[in-house]
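Visitor: Quick one: the structure is below, and I'll ask about it shortly.
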Amino acid sequence: MAQLSYLWQQFLTLINSLMGSLSWRNILDVGVVAMAVYYIIRLVRQTRANTVLKGFAIVLALMWISDILELNATNWIIRQLVNTGVIIIVVLFQPEFRRGLEQIGRSNLTGTVFVSDRKPLSSEHDVSELTHAMTNLSRRKVGALIVIENKTGLNDIIASGTIVDAEISCGLVENIFEPNTPLHDGAVVIRNGRITAAACFLPLSSDNTISRELGTRHRAALGISESTDATVLIVSEETGTISMAHDGRLTRHLDAKALDEILKELIVSEDDVRHSHRRGERHQKGESAK
């Protein structure tokens, strides 16, 4: 009972100290910390780091309780675990930290500072050609893997394949993925509305929750979509099912209409970005003229 009373007094003392020195800096400081905790929880949610983060929070709580109860030996052991545990967590969950930093780099704030002139697809003609190619491959049950680059550069992926640098056409896409041809094994990368490279190697996703009925092609599509903002199209060689991977999520059983809508959104989103920049430039010119 005495320990609970001591904890309550400590809590009241903390509240009084915060209220006594309340200023806009303190409010901003608390807000920054709260936002950081919120985004960390969002980043690790539904990942294997989520469970580890919960365990780490429990260890910190035990360290705090052992310090209050003056359990010196227990507190010393837990502190040693925490000091070495931070380094171990950073090493074990390097992919999660990297993914988090990449998501920060792809945020709207950094996008406005570091403007990219890349555009996934150039016109509705590209959409039509890709849609026809994917549906034809699906009907014939020919496996395919197409990565459409967005703002995140894919130079390392392109370097692993064979440079093509050709306009998007239904015939070319089908010919690339035709079985027993030199370029059929691997992924095609599309940049700025052109087929830039073929037979490219993609990183495989390490997510253990992926259904076992999905093969290496789908795992590779999820892997590249987890680490970049690319849109990845997949045709299953076993079932002919058309799927799309984006932002680490897989959408399956797409038909021609759904695929056409998804690809057109890539054009619309990029056009909106260019128009918004132009409107901003015109507005700045108007202000300077005044």
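The values are calculated or read from the model by the stated rules, or taken from the named source; none is laboratory data. Fair warning: this is a prediction, and the values are worked out from it, not measured in the lab. Virtual Cβ from ideal backbone geometry, glycine too; neighbours counted across all protein chains shown.
Visitor: Return the pair list, or none, for Cβ contacts closer than 6 Å from residues in the stretch 184-203 that are assigned by TED's automatic domain parsing to the domain that holds Ala159 to residues that are polar (S, T, N, Q), at least 6 apart or on different chains.
Guide: Final answer for the pair search is Val189/Thr196; Gly193/Ser122; Ala198/Thr162; Ala199/Thr162; Cys200/Ser160; Phe201/Ser160.
Visitor: Moving on. When the residues of the stretch 147-187 are filtered to those that are touching a Cys at 6+ places or on another chain (Cβ under 7 Å) and outside any loop (DSSP other than H, G, I, E, B), which remaining residue is surrounded by the fewest Cβ atoms within 10 Å (Cβ to Cβ)?
Guide: Among those that are touching a Cys at 6+ places or on another chain (Cβ under 7 Å) and outside any loop (DSSP other than H, G, I, E, B), it is Ile158.
Visitor: Oh, and also: Taking Glu213, is it over 22 Å from the mean Cα position of the chain (by Cα), outside the structural domain of Met134 (by TED's automatic domain parsing) and at pLDDT below 85?
Guide: The answer is no for Glu213.
Visitor: Can you tell me how many residues within the stretch 219-245 are within 12 Å of Val147 (Cα to Cα) and within 17 Å of the chain's Cα centre (by Cα)?
Guide: Of the residues in that region, 14 qualify.
Visitor: Somewhere in the stretch 133-146, is a residue assigned by TED's automatic domain parsing to the domain that holds Leu250, touching a residue at least 40 places away in the same chain (Cβ under 8 Å), part of a loop (DSSP other than H, G, I, E, B) and on the phi < 0 side of the Ramachandran plot?
Guide: Taking every residue of the stretch 133-146 in turn, at least one turns out to be assigned by TED's automatic domain parsing to the domain that holds Leu250, touching a residue at least 40 places away in the same chain (Cβ under 8 Å), part of a loop (DSSP other than H, G, I, E, B) and on the phi < 0 side of the Ramachandran plot.
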